[in-house]
Amino acid sequence: MSNLGFSSNNSIDWGWKVDSSTIKSDDVALKSALMNLEQPLYIAKSGGALGITSQTSKDGATDVLAFAQKLNAQDLGDEAFKKQHGVKYAYHGGAMANGIASVELVVALGKAGLICSFGAAGLVPDAVEDAIKRIQAQLPNGPYAVNLIHAPAEEALERGAVERFLKLGVRTVEASAYLGLTEHIVWYRLAGLSKNSDGSVNIANKVIAKVSRTEVARRFMEPAPQKLIDKLLAQNKITPEQAQLSKLVPMADDITAEADSGGHTDNRPFLTLLPTIIALRDEIQAEKNYAPALRVGAGGGIGTPEATLAAYNMGAAYIVLGSVNQACVEAGASEYTRELLSKVEMADVTMAPAADMFEMGVKLQVVKRGSMFAMRAKKLYDLYINYNSIEDIPKEDREKIEKQIFRANLDEIWDGTKSFFQERDPEMLARAMSSPKRKMALIFRWYLGLSSRWSNTGEKGREMDYQIWAGPSLGAFNSWVKGTYLEDYKRRGAVDVALHLLKGAAYLQRVNQLKLQGVSLNTELASYRTSD
């Protein structure tokens, strides 16, 4: 390696020439040329040392030893994804429940040409409708999406969400936490089908399905099941023509392979999940020959340019970020939470019981740094498993959770819970009134549900109970931006963060092109920092 920071053992004759007078070899010029993604760059010798230039010359006398093509951030990913969603970048801001993926976050990213899902999960339909109207007012032509979360314990919420989406003309939803298809997600998809003049199918209602299991991915990659189609036909929710057209299209346009993410996750390794889902896509696409073809994106574990580039190079049509966006200024999280998130390291996360699927034992990934939520939520789940009712819990245990967790008598909590579910889901309340076990689950879910809202609103005195969803990618991001302006959480704008990750990936791709041609760069030149 030369003192300029790179050398080459390349012996390929590219046939290109450059003018030696245009070759620069100082570190500033080298970095500037690498950072200028809109221009190709060429490596050649000048005076016995290697240098860099951005142009070839017919009259040049110096041979080109290596080159890197121009590569902009918008060149990454699948062009069909960008075209169908009307975006500039193959990037998706993932949904974060309770409005953490806020109206402000959706609008900021949308105006910059990036699609983002509003975090509708956990919100009542009226609140969701208000948020959608605010988004539509600022992004009348998109791009935006709204989260549709599977709610096996609260079917009324899922049904109500789809009713609002169809009424308001929401054209893209991000379907998450699904264990299997429901009539509600099928209704949304099929209600947007019509026939084009050339006989092809027009898919007005697009679905981005977030999955971490092949069996769930397969259901979204295949047409809607006949039994659900028949059910919707019987209810006059779809037309006979839509029922016929549904056999020609998959349930989703895009499948996000969700690896080790925040919130609901199976903690799948990124390197094994993505190629597995892509292989399944290839199998089904070859069989069904969908037009447009199914696409697979990658989410979970992406928090650095290296991870971003890895996803694209492994075949991801687009990338999805959630944990990292939660710390940005537009996120619907309290300042206390955003500051805490900016200090999280990779090991500062753990699994805890999920509020929406508490009875099923489903867990989600949360921050353990500065919070006792995970420990306390696990205690409640253990009590739920071991006893059949609140009355069965030993007096000592009950007094302990009333004092340390609920800070109120459980009878008082139940009174408040009844009022909440009377408005939110009367069917759920009716079932709980006749089942002591379900009643206990709803009381415990009082804590699990409010703990995330406390984090969002910055509830004073409840800091140790904050439920904050995040994956290890946030720790990787914090490590990457350490020592730069983005270390300050108050300066983290979602668009700025997204573009740095995408530009960093493009930068590293050019570095890799040079490496494959025998060029060796020093550490500073070979890495991308947010201060660049």
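The values are calculated or read from the model by the stated rules, or taken from the named source; none is laboratory data. Nothing here was measured: the structure is a model prediction, and the numbers come from that model. Positions of Cβ are generated from backbone atoms using ideal geometry, with glycine treated the same way; all protein chains shown enter the neighbour counts. Ligands, DNA and RNA are stripped out before the accessible areas are found, and what is left, the full protein with its side chains, is counted by its heavy atoms. Shrake-Rupley method; radii C 1.70, N 1.55, O 1.52, S 1.80 Å.
Data overview
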{"read-out": "Segment 88-138 shape via C-alpha gyration tensor axes, a/c threshold 1.5", "value": "oblate"}
{"read-out": "Per-residue [θ]222 nm for the chain (sum of -39500 (n - 2.57) over DSSP H runs n ≥ 4, rounded to 500)", "value": "-13000 deg cm²/dmol"}
{"read-out": "Spin-label pair residue 362/residue 388, simplified geometry with 7 Å Cα→Cβ offset, distance in nm", "value": "2.7 nm"}
{"read-out": "Built amide H within the under 5 Å cut-off of residue 115, gap 5+", "value": "91, 93"}
{"read-out": "Qualifying GluC sites (Glu not before Pro) for segment 242-305 [loop in DSSP, other Cβ within 10 Å: at most 12]", "value": "none"}
{"read-out": "Accessible area of segment 352-431 belonging to carbon and sulfur atoms, whole % at 1.4 Å probe", "value": "48 percent"}
{"read-out": "Förster radius 45 Å - calculated FRET efficiency between residue 124 and residue 244, Cβ distance, rounded to 0.05", "value": "0.80"}
{"read-out": "Cα-based helix-to-principal-axis angle, 270-288 vs the chain, degrees rounded to 10", "value": "90 degrees"}
{"read-out": "Per DSSP, loop trypsin sites (Lys or Arg not before Pro) in segment 438-528 with at most 15 further Cβ within 10 Å", "value": "460, 482"}
{"read-out": "Förster radius 30 Å - calculated FRET efficiency between residue 460 and residue 133, Cβ distance, rounded to 0.05", "value": "0.45"}
{"read-out": "Antiparallel %, DSSP beta bridges [both residues in the chain], to 5", "value": "50 percent"}
{"read-out": "Segment 309-387: GluC sites (Glu not before Pro) in DSSP loop, at most 13 other beta carbons within 10 Å", "value": "345"}
{"read-out": "Built amide H within the under 5 Å cut-off of residue 148, gap 5+", "value": "174, 175, 176"}
{"read-out": "Directionally averaged projected area (convex hull, Cα atoms, the chain), nm²", "value": "28.0 nm²"}
{"read-out": "Which listed pairs, of 167/247; 133/227; 88/195, have C-alpha distances above 30 Å, in listed order", "value": "133/227"}
{"read-out": "Gain in span if fully extended, residue 179 to residue 195, counting 0.36 nm per residue against the direct Cα distance", "value": "2.7 nm"}
{"read-out": "Cα gyration tensor shape for segment 231-288, rounded if a/c is under 1.5, else prolate or oblate", "value": "oblate"}
{"read-out": "Folded to 0 to 90 degrees: helix 436-457 orientation relative to the chain principal axis, Cα", "value": "40 degrees"}
{"read-out": "Shape category assigned to segment 132-200 from the gyration tensor of Cα positions, a/c cut at 1.5", "value": "oblate"}
{"read-out": "Dipole magnitude of segment 180-256, debye to nearest 20 (Cβ charges: Lys/Arg +1, Asp/Glu -1, about Cα centre)", "value": "200 debye"}
{"read-out": "Under 5 Å, built H, 5+ apart or other chain: amide partners of residue 264", "value": "365"}
{"read-out": "Difference of contour (0.36 nm per residue) and Cα-Cα distance, residue 339 to residue 111", "value": "79.5 nm"}
{"read-out": "Accessible area of the chain divided out per residue, in Å², using a probe of 1.4 angstrom", "value": "41 Å²"}
{"read-out": "Rounded tilt (10° steps) of 155-168 against the dominant C-alpha axis of the chain", "value": "60 degrees"}
{"read-out": "Carbon/sulfur fraction of accessible area - segment 200-262, other protein chains in place, 1.4 Å, %", "value": "48 percent"}
{"read-out": "Flagged links, alpha-carbon separation over 25 Å, of 210/490; 111/515; 288/503; 343/379; 368/460", "value": "210/490; 111/515; 288/503; 343/379"}
{"read-out": "Additional length obtainable on full extension of the chain from residue 36 to residue 63, 0.36 nm per residue less Cα span", "value": "7.5 nm"}
{"read-out": "Over the chain, relative contact order from alpha-carbon pairs under 8 Å, at least 6 apart, %", "value": "16 percent"}
